[in-house]
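A short write-up of the structure that comes next.
The values are calculated or read from the model by the stated rules, or taken from the named source; none is laboratory data. Just so you know, these numbers come straight off a predicted model, no measurement behind them. Glycine gets a Cβ as well: all are built from the backbone with ideal geometry, and neighbour counts include every protein chain shown. All accessible areas refer to the heavy atoms of the entire protein, side chains included, with ligands and DNA or RNA removed. Shrake-Rupley method; radii C 1.70, N 1.55, O 1.52, S 1.80 Å.
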Amino acid sequence: MSQPTIVDKSVQHAKEWFKELSDYPGIGDEQRAYHALRASLQELRDRLSVEEAADLGAQLPTLIRGIYYETYEPAKSPTRKHREAFLQGVSERIDTQLNMDPEAAVTATFALLSRHVTSGELEDVRHMLPKDLRSLWPDVAA
C-alpha cells in the first residue's frame, strides 16, 4: 500500500476539522460545518488587519486556509463591525437553505479555533474585535 500524498493528508486534516465542528450544537453534519466555518472565518478575517489575518491564516490547515482567503480583499480590511452586524454578515454567507443560526455557527467556529490555534494568536485576534463580539468566543484559558 502506498503512502498518503500531501494532498491526501491535506484533505484528511480538513475533514477532521469539519467532523469536529459538526459535533457542536446547531451544526450537525460536515456540509453544515463547511458553511459555518467558511462564513465565520471569512467574516472574522475581514475584521482583522492584513498582518493579523495572515498570522491567523498561517495556523489553519492548508485546505481551510484556501477557504479562509477565498474572496479576500486586503485593501478593504479591517472593517469594524459589532456583534449584530458581524452575525448578519455570517448569515449572508451561509446557504439560506441550511437554515442555520449564525450565532451557533460563529460560536462553534470560535470554539474550534480555540482548540487548534495557539493561545497567543487567539489573544491577538480577540484583541482586535469589539468587546461585544469577543463575547462569542469561549475563554481562551478554558
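Inter-part distance, region 19-58 to region 64-142, computed on C-alpha centroids, equals 6 Å. The residues 115, 47, 38, sorted by heavy-atom accessible surface at 1.4 Å with ligands and nucleic acids left out, run 115, 38, 47 from largest to smallest. The spread of Cα positions in region 98-142, taken along each principal axis and listed from longest to shortest, comes to 34, 22, 15 Å.
Label positions at residue 70 and residue 11, each projected 7 Å from the Cα along the C-beta direction, are separated by 1.7 nm. A helix-only calculation puts the chain at -19000 deg cm²/dmol for mean residue ellipticity at 222 nm, using -39500 (n - 2.57) for each DSSP H run of at least four residues, averaged over all residues. Relative to the dominant Cα principal axis of the chain, helix 6-22 is inclined by about 50°. Only alpha carbons enter this Debye calculation for the chain, each as an equal point scatterer, and the log10 of I(q)/I(0) it gives at q = 0.11, 0.12, 0.13, 0.18 Å⁻¹ is -0.38, -0.45, -0.53, -1.03. Surface composition of region 1-110: carbon plus sulfur atoms hold 53% of the accessible area, using a 1.4 angstrom probe and ignoring ligands, DNA and RNA. Short-range pairs are left out: with C-alpha atoms under 8 Å and at least six residues apart, the relative contact order of region 1-120 is 34 percent. Kirkwood radius and radius of gyration were both taken over the C-alpha atoms of region 2-70, and their ratio Rg/Rh is 1.02. Entry comment: accessible area of the chain is 53 Å² per residue, from protein heavy atoms only and a probe of 1.4 Å.
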